[in-house]
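Report on the structure given below.
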Amino acid sequence: MNRTVIPDLPHVLGSLPGAAVTKHMSRGIQAGQERPPQVILRKASNPLPELEDRWRTEPVRELLDEAMRRFAGGRASADGWLAPRLHATLRMTRAEAADPGLWNFLAMIVAPDYVVWRHKGAEIAPAARFAGPHYKQAFARLWWAAELFRNGADYRPVELACRVQDVLNTTMRLDVIDHRPTALAIVGVLERLLADGSPGREITSMPSRPRSTLQGAHSSMTSWRSTTPLTQTHSCTG
């Protein structure tokens, strides 16, 4: 897959209000049949500081193109590869990442094609994948998964968590997941289930019974596999 050329790609990211997304969202955009109205949406957004390299759009766009190339045959598998890399590229604090306008901008202006590629069902990609809560929005869910499940600079727990979609889709809704030791404990339980060859239904039922999961998770922590970790060298968060 060749690199996608986005006409007039903005140099830096911005914050796009959710009201603007709602106003201009269409079934054609969700189906990937038309592009969002770039000029209108850019006028409605507030650009981030141009002098800060961390807000540049080009590195993010390159990551997304590579993800689509690598995982053309299995879109869901892109999550585990992309989440830590998106997090390491977009170096920001949790307060900055809590701005939904940033993710709206990324989905509607920088990479609407990725949203459709990754989340399109039989006909369309759900509107919440463009502008929605952090556990549903196409890019927020990945960044926050990496932020919550990483063990310092070690992203291996993130890759493991992303192997089970219910971790992203359901477990991230729980307030307790903001506590990193608890998040790592959950990953430890998940790793043991996978290592034991537990059936998929047992693993995907974990988020629906968080209390029993957390009790087992806190009892012991699993050592991560001895593969070379993908490290984050410039994180703004601890």
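With only alpha-carbon pairs counted, each pair once and no self-pairs, how large is the Kirkwood hydrodynamic radius of the stretch 14-167 in angstroms?
On the way: mean 1/r = 0.0640 Å⁻¹.
Kirkwood hydrodynamic radius for the stretch 14-167: 15.6 Å.
Could you provide, to the nearest whole Å², the per residue accessible area of the stretch 1-110 with probe 1.4 Å?
For the stretch 1-110, the per-residue accessible area is 49 Å².
HN-Hα J couplings of the stretch 164-172 from phi, Karplus 6.51/-1.76/1.60, θ = phi - 60°, integer Hz, Gly and Pro as x?
Taking θ as phi minus 60°, the curve returns 10, 4, 5, 5, 6, 7, 10, 4, 5 Hz for the stretch 164-172.
How many percent of the accessible area of the stretch 85-198 is carbon or sulfur, using a 1.4 Å probe?
52
Please list the equivalent ellipsoid semi-axes of the stretch 122-173, computed as the square roots of five times the alpha-carbon gyration tensor eigenvalues, in descending order and whole angstrom.
Values for the stretch 122-173, descending: 22, 11, 9 Å.
Once amide H atoms are built 1.01 Å from N in the peptide plane, which residues 5 or more positions from SER15, or in another chain, come under 5 Å H to H?
Residues meeting the criterion, in which the H sits 1.01 Å from N, are ASN46, LEU48.
The values are calculated or read from the model by the stated rules, or taken from the named source; none is laboratory data. Here the structure is a predicted model, which means the values were calculated and not measured. The protein model used for the area step is the full one, side chains on, heavy atoms only, and it has no ligands, DNA or RNA in it. Shrake-Rupley method; radii C 1.70, N 1.55, O 1.52, S 1.80 Å.
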